[in-house]
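Quick note: the coordinates plus some simple rules give every number you see, no bench work behind them. Model, not experiment: these values are computed from the prediction. When we count neighbours, we look across all protein chains shown, and the Cβ atoms used for this are built from the backbone with ideal geometry, even at glycine.
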Amino acid sequence: MRFLLDAEQRAFAASLDAMLTAADTPSVAREWGRGERTRGCALWSRLAGAGVFALAVPEKHGGLGPRPVELVAAFVELGRHAVPGPLAETVAAAVLLADLPEPGPAERLLPALASGAAMASVAWRGGFAPDGDAATVRLALGPDGLRLSPGPGRVRPSLDPARRLAALEPGGALLCADPPTARALGHARLVTAAQALGVGQALLARTVAHVGRRTQFGVPVGSFQAVKHRLADARIALEFARPLVLGAALTLDRRDVAAAKVAACEAAYGTARAALQLHGAIGYTAEDDLSLWLTKARALLNAWGAPAQCRAEVLLGAGDRR
């Protein structure tokens, strides 16, 4: 079976690619990591204007969704361009709010998420909220249910310098004592996988260009057989992950999503390791833009479920298939 985007979905992805290329996202990401968010918030509004976040919000709340395949197409581009901000968290929050049995919180909060007037982060089961200090909607999922946090608490750096982790302040309005979380977790993993796929594609493209320019013994480094093999392995891993991600977007089965996240995130991380080695000393410098994708690939590997956790979910659920 072949999983390919249709013409309209490809055009949507191409329009996002053009927008993000013109936005100089590496410099935006660096500013975001320093706490300078003016350009990042402006880019967030432009993405929302293109309908990116509305794809996760139901139509009755001002959105266009749910449209998981289009979300995947968008998040691949967001990953390819290293766009900063609580991207997967906003999608997770939108799905979480939409699934609450009481419609009040969704009616109040979802239109702003769809339009880009607000961005959301989620502290999942006592963890940190990525970019919780930048988000305007902060959800905390804990033992007593889902709460709307009054604000960010202590903030700490993460593996990805363009992302900070906030411990949300306790208390806040209780939105639901027993919220349904399966769909929100599935969507968060799905878009994280898509984002990782885009990160891997960017790393591969940058590395291919680098080894084509760099020479040794009078010939391009990229002509060496060992270099070709490393890049071919990275390309194969990314290409194998792509249909898994698109297939998971169609089924939204939790096992399919978990398998897609493992494949895409490990492919991106493997590509990051190859890129680091083939760039040599340049790859170890934070000043080179390559570092933005290297650190993001590592951070996404464990985001919303580490590989071992996702593999266990696939294996434990294998007997449920008919």
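For the chain, excluding the exposed loop sites themselves (GluC sites (Glu not before Pro), DSSP loop, at most 11 other Cβ atoms within 10 Å), the longest remaining stretch covers 37-286.
With the gyration tensor restricted to C-alpha atoms of segment 182-320, the semi-axes of the equivalent ellipsoid amount to 32, 14, 11 Å, longest first. Each Lys and Arg Cβ is given +1 and each Asp and Glu Cβ -1; about its Cα centre, segment 217-300 then shows a dipole of about 200 debye. Estimated from the Cβ-Cβ distance and a Förster radius of 22 angstrom, the FRET efficiency linking residue 286 and residue 209 is about 0.65.
When the charge dipole of the chain is built from unit charges on Cβ atoms (+1 for Lys and Arg, -1 for Asp and Glu) and taken about the Cα centre, the candidate among 135, 227, 18 whose Cα reaches farthest toward its positive end is 227. When only alpha carbons of the chain are considered, Rg and Dmax amount to 19.4, 69 Å. Think of each Lys and Arg Cβ as +1 and each Asp and Glu Cβ as -1; about the Cα centre, that makes the dipole of segment 76-165 roughly 320 debye.
Run the numbers on the chain and let me know its relative contact order in percent, using alpha-carbon pairs under 8 Å that are six or more apart. Dividing the mean separation by the residue count of the chain yields 17 percent. The magnitude of the dipole of the chain, with charges of +1 and -1 set on the Cβ of Lys/Arg and Asp/Glu and taken from the Cα centre, is near 740 debye.
In plain terms, the chain from residue 316 to residue 14 could stretch by 104.9 nm, reckoned as 0.36 nm per residue minus the Cα-Cα distance.
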